[in-house]
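Comments concern the structure below.
Since every read-out is calculated from the coordinates, none of them should be taken as a lab result. For clarity, every value in this text was computed on a predicted model and none was experimentally measured. With ideal geometry, Cβ positions are generated from the backbone for all residues, glycine too; neighbour counts draw on all protein chains shown.
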Amino acid sequence: MKQKWIRGVMTAVLLAGFGALATYRALPAGAESWQDCATGQFCLYDAAGGAGSSWAGGPTENTQTYPADRDDKAVSAWNNTDRWACVYEGASYGGAVQALRPGFRGDLAAASVDLTGKVSSHKAVKSKAGCWTGFERCPDGKLCLFQEPSGRGAGTVSTADNPDYGAAWDNRVLSVWNRTGRHVCFYRAPGWTSTWTADGRDFKAYVVLKGRSTTVPAPYAGTFSSHRLVAGTSEC
């Protein structure tokens, strides 16, 4: 049952709940490719100044994983939309991030964080602050775990108890959104056991109440090995 949960929930449900790759419109290459980014499109180029090969997506066409021919290839960008474009060093909105304002057109080296040749995912948001959170990927009614703060990075979806995370998720959870109708109790060891010591006190479980999202604080961050859902926190 342990391995079945890891394979079934942490792989198949993740792909279904978090969405598939966006479909891009191919753009013609060339040194004058700045002119090829239509209004309402976010365009990336594999050379400086909008030159080289290019590809584009609409403002709502977010993608969490680039195919090999685009991964770590972007050198310049034109955000020809009315939204902020967030580009990320890692897949699943992970790693370093650049927030490109509406209308931005230039080399990635000119932005606040230089991600030249490093971009692996992107999304469009209404405000700049949205670039630093990925909680919106969590479907209603699910418990979502993430490997970076604020719902960023690799994520997985669950609706069930899990007595053992296994290697893929053991000691990796840094943020949580509990969108289920129950509270969730996280434990330091498999089998819903062990304790943490904080401020001279021992704590059996770290609790995230129903409907709450959080970046897990120290000393709990990156230490979860199992969890279960409960009707009342006294059950933890």
For a quick check: sort Lys73, Lys210, Lys123 by the number of other beta carbons within 10 angstrom, fewest at the front. Lys210, Lys73, Lys123
Which cross-chain or sequence-distant (5 or more) residues have an amide H under 5 Å from the amide H of Ala198, H modelled 1.01 Å from N in plane? Phe203
Can you work out ³J(HN,Hα) from phi for every residue in the range 214-220, in order, using Karplus 6.51 cos²θ - 1.76 cosθ + 1.60 and θ = phi - 60°, giving whole Hz and x for Gly and Pro? 7, 8, 5, x, 5, x, 8
Exceeding the 32 Å Cα-Cα cut-off - candidates Lys73/Lys126; Lys123/Lys210; Lys118/Lys210; Lys142/Lys204: Lys118/Lys210
Tell me, what HN-Hα J-couplings in whole Hz come from the Karplus equation 6.51 cos²θ - 1.76 cosθ + 1.60 at θ = phi - 60° for each residue of the range 153-170, using x for Gly and Pro? x, 4, x, 9, 10, 8, 10, 10, 5, 9, x, 7, 6, x, 4, 5, 10, 4
